[in-house]
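Colleague: Dumping the structure here so I can ask a few things about it.
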Amino acid sequence: MFKSPGNNGISLRIVCIYAIVACLWILFSDELLAFLFTDQATIIRLSILKGWLFVVVTAALLYALIKGHLEALQNQFNQLTTIFDSVNAVVYVADLATYEILYLNRFGSATFGSNWQGKTCYEMFQADQKAPCSFCTNDLLVADGEPLPPHVWEFQNTITGNWYQCIDRAIRWTDNRLVRLEIAFDISDRKGIERIKDELVSAVSHEMRTPLTAMLGYTEFILEHEVSQEQQKEFLRTIHHETERLNELIGNFLDLQRLKMRPEPLEVTHLAVETLLKETSDLFGVAPQKHRIVLDCPPGLPQVIGNAGQLHQVLVNLVSNAIKYSAEGTTITLGAHREGESVIMWVKDEGIGIPADMQERIFERFYRIDNSDRRLVGGAGLGLALVREIVSAHSGRVWTESSEGKGSTFYVQLPAIHEGH
Ligand code: ADP
């Protein structure tokens with residue numbers, strides 16, 4: 001796993017050489033003295049000196065060996081901490097019995113604070129936790145005094161609120177005791193996407209049931225009963241209406257899901273606001289219309305940067321709503337004006353309006369205002385959620401001003417391009 005400095009072989013060699021030299025010294029140094037000197041007093045003095053010399057050399061060698069070992073250990077520790085400090089995950093080591101934290105990497109300190117010395121893992125990583133956590137995995141890490149394979153689990157932290165995938169295992173610490181090592185990766189983004197997906201899927205399947213039940217009921221009735229042509233037409237009109245609703249629901253759902261799940265960089269170009277508005281009004285002008293669609297766009301507006309398809313979709317959704325929620329024969333105006341560094345596009349209708357306390361909530365997914373006027377109008381409450389999603393991806397803002405019974409105006413504010421860019 002980690003490359004060891006390989007000092008053990010060298011140390012053994014030094015110890016062996018030292019042992020041989022020491023043995024030779026002990027065996028032959030007295031004879032050497034006797035051979036070199038005849039005077040007994042000199043021999044005794046030199047023997048004492050020789051003893052001291054032996055102690056000094058031994059001590060120096062021991063010192064060099066211990067220092068080398070300590071440095072090697074320190075190097076190894078530094079290598080490990082450098083690796084763990086460069087990981088974008090919380091890495092910590094805690095005593096298995098006392099829960100005391102023995103190590104916390106830089107990412108962990110930045111997330112939970114650097115005052116971890118002397119604290120237990122449950123105090124440090126959990127909000128208001130005064131005793132070991134009920135879900136502590138310590139018991140799963142060791143069996144018969146030996147480390148078990150890593151235990152992997154997911155968990156929502158009570159301090160940060162983030163989700164983590166944790167890999168826990170028992171390892172031997174520097175003093176040979178078994179300790180707990182945990183590596184925790186932040187998986188909040190993945191969890192968020194999973195949650196959105198679950199929510200969308202369950203809400204969409206719920207929303208789909210209504211039009212599908214109606215379509216099934218009417219077709220079954222036509223197939224199983226004698227129905228007049230007049231009645232058949234009426235039933236088919238309802239089926240057509242429900243199919244349109246289903247189609248809109250699925251279209252909006254897929255667009256919203258794509259935006260939420262895979263926020264890709266937008267393909268953007270410089271766009272003339274007037275063209276965007278004109279294209280939208282032309283689109284609605286093709287079929288015979290029950291509403292008057294009017295353009296109100298002053299010349300010389302600055303351009304905006306954006307994705308033409310998506311901004312077109314924003315306007316289409318707003319105009320469709322304006323049509324859905326206002327009476328036949330009324331006027332729908334598409335306009336734009338400059339405001340400071342931005343351009344504001346707007347869609348105004350003379351329809352039923354939106355109660356003040358709901359003007360913010362209508363932009364939430366699946367939020368529909370439920371009253372008898374509106375229940376007849378098909379929809380799934382996804383159109384405005386998609387509008388808001390697209391507009392915020394363009395660093396813009398969307399809001400409505402509306403008064404009940406008089407009409408609503410939806411505004412989309414986008415940053416304008418400075419002249420000369
Ligand atoms: P829906 O598919 O229900 O129209 P939206 O997300 O487009 O979903 O709109 C959410 C709700 O906001 C609608 O159910 C409707 O009650 C209200 N709403 C949206 N646009 C208008 C409008 N122009 N006039 C009145 N009410 C509107």
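Colleague: At 222 nm, what value in deg cm²/dmol follows for the chain if DSSP H runs of at least 4 each add -39500 (n - 2.57) and the sum is divided by all its residues, to the nearest 500?
Modeller: For the chain, the value works out to -16500 deg cm²/dmol.
Colleague: Ranking Leu223, Leu414 by Cβ neighbours within 10 Å, fewest first, what do you get?
Modeller: Placing the least packed residue first, the sequence is Leu223, Leu414.
Colleague: Please name which of Phe221, Ile167, Gln156 has its Cα lying farthest along the dipole of the range 96-238 towards the positive end, using unit charges on Cβ (Lys, Arg +1; Asp, Glu -1) and the Cα centre as origin.
Modeller: Ile167
Colleague: Could I ask something else about it? Under the Karplus relation 6.51 cos²θ - 1.76 cosθ + 1.60, θ = phi - 60°, what is the ordered set of whole-Hz ³J(HN,Hα) values for the range 63-76, x standing for Gly and Pro?
Modeller: Per-residue couplings from phi come out as 4, 4, 5, 4, 4, x, 5, 4, 5, 4, 4, 4, 4, 4 Hz.
Colleague: Taking 25 Å as the cut-off for C-alpha to C-alpha distance, list the pairs among Lys324/Lys406; Lys233/Lys348; Lys233/Lys278; Lys130/Lys191 that go past it.
Modeller: Lys233/Lys348; Lys233/Lys278; Lys130/Lys191
Colleague: Given an 8 Å cut-off on Cα distances and at least 6 residues of separation, report the relative contact order of the range 131-205 as a percent.
Modeller: Once normalised by length, the contact order is 21 percent.
Colleague: Provide the per-residue ³J(HN,Hα) series for the range 23-38, in order, calculated from phi with Karplus coefficients 6.51, -1.76, 1.60 and θ = phi - 60°, each as a whole number of Hz, with x at glycine and proline positions.
Modeller: So the J values, rounded to whole Hz, are 5, 4, 4, 4, 5, 10, 5, 5, 5, 4, 5, 5, 6, 7, 10, 10.
Colleague: Next question, about the same structure. For all pairs of alpha-carbon atoms in the chain, what percent lies in each bin of width 10 Å, listed from the first bin to the last filled one?
Modeller: Using 10 Å bins, I get a P(r) of 4, 14, 16, 13, 12, 12, 10, 6, 4, 4, 3, 2, 1, 0, 0 for the chain.
Colleague: While we're here: So what's the angle, to the nearest 10 degrees on a 0 to 90 scale, between helix 308-324 and the longest Cα principal axis of the chain?
Modeller: Value to nearest ten degrees: 50.
Colleague: Also: Relative to the longest principal axis of the C-alpha atoms of the chain, give the angle of the C-alpha long axis of helix 383-393, reported between 0 and 90° and rounded to the nearest 10°.
Modeller: Between the helix axis and the principal axis of the chain, the angle is about 50 degrees.
Colleague: So what is the relative contact order for the chain, in percent, with contacts set as C-alpha pairs under 8 Å and at least six apart?
Modeller: Worked out over the chain, it gives 9 percent.
Colleague: What percent antiparallel are the DSSP beta bridges of the chain, to the nearest 5?
Modeller: 90
Colleague: Then there's this: Using the Karplus curve 6.51 cos²θ - 1.76 cosθ + 1.60 with θ = phi - 60°, work out ³J(HN,Hα) for each residue of the range 299-304 in order, rounded to whole Hz, and write x for Gly and Pro.
Modeller: So the J values, rounded to whole Hz, are x, x, 6, x, 7, 10.
Each reported figure results from applying straightforward, stated rules to the coordinates on display, with no laboratory input. No experiment lies behind these values; they were computed from the predicted model shown. Cβ sites come from the backbone with ideal geometry, for glycine too, and all protein chains shown count toward neighbours.
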